[in-house]
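The values are calculated or read from the model by the stated rules, or taken from the named source; none is laboratory data. Nothing here was measured: the structure is a model prediction, and the numbers come from that model. As a convention, Cβ positions derive from the backbone with ideal geometry for all residues, glycine included, and neighbour counts pool all protein chains shown. Just so you know, the surface numbers come from the protein's heavy atoms only, side chains and all, with ligands and any DNA or RNA stripped out. Shrake-Rupley method; radii C 1.70, N 1.55, O 1.52, S 1.80 Å.
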Amino acid sequence: MTKNILMVCLGNICRSPVAEGILKSKLTTDYYVDSAGIGGWHSGEQPDQRAIKTALNYGIDISKQRARKITIADFEKFDTIYAMDKDNLKELLHLAPNDTAKNKVKLLLSAAYPNKNDDVPDPYYGDLEDFNSVFTLLENALEIIATKIKKTANQ
Ligand code: 4NP
């Protein structure tokens, strides 16, 4: 059963904080949703202001989140770890300490849309429009994932 869910991107300031905020809005507090980055360059920082603004337009406040780098302990603590893109996926599989940990790692859009192998594009070097399309992509995918998570909880 998936109760503890971790969203992972490169910097933990654009994509994964938005994914965390959206998924939290779809699940009760029986679930624990967090996010982390492959890199620690932005550790302790708020999400990117453009990510905060975009999410707030849809009624989701991610301003209280703070960036952090993934740790080995996360592979123990979380049941499912979603990678935003295939580079993140590769890094996570490299960092995972054992096969149990490796099995927890999934590409987010493949988990939502089986047979699709797409990335959530990095909007960091883009503009507000890019943040908006990332939000919509995540909102649609996480609606499917939240439904799947709730279904497995009821089995
Ligand atoms: P994110 O975007 O992985 O969606 O948080 C990025 C944020 C910062 C950097 C790269 C990607 N950076 O290189 O600092």
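Structure notes:
- Kyte-Doolittle mean at least -1.0 and Cα axial length at least 30 Å: DSSP H helices in the chain: 128-153
- Relative contact order for the chain, counting Cα pairs under 8 Å that sit 6 or more residues apart, in percent: 27
- Dividing the helix sum by the residues of the chain, where each DSSP H run of 4 or more adds -39500 (n - 2.57), gives a mean residue ellipticity at 222 nm of -13500 deg cm²/dmol.
- Amide H to amide H, with H built 1.01 Å from N, Tyr32 comes under 5 Å of Asn4, Ile5, counting only residues 5 or more places away or on other chains.
- The protection proxy used here, the mean number of other Cβ atoms lying within 10 Å of each residue, ranks peptides 65-76, 134-145 as follows, highest first: 134-145, 65-76.
- Prolate/oblate/rounded call for the range 1-91, Cα gyration tensor, a/c under 1.5 rounded: oblate
- Dividing the convex hull volume of the alpha-carbon atoms in the range 11-155 by its residue count gives 112 Å³ per residue.
- Gyration tensor verdict on the range 83-155 (Cα atoms; rounded if a/c is under 1.5, prolate if a/b is larger than b/c, oblate otherwise): oblate
- Sorted on the mean count of surrounding Cβ atoms within 10 Å across their residues, most packed first, peptides 5-14, 103-112, 53-62, 18-27 read 5-14, 18-27, 103-112, 53-62.
- For the chain, accessible area per residue (1.4 Å probe, heavy atoms of protein chains only), Å²: 51
- The gain in end-to-end length when the Lys26 to Lys53 segment is fully stretched comes to 7.8 nm, 0.36 nm per residue minus the alpha carbon separation.
- Across the range 54-88, the residues whose backbone nitrogen lies under 17 Å from the label position 7 Å along the beta-carbon direction of Asn103 are 75-82.
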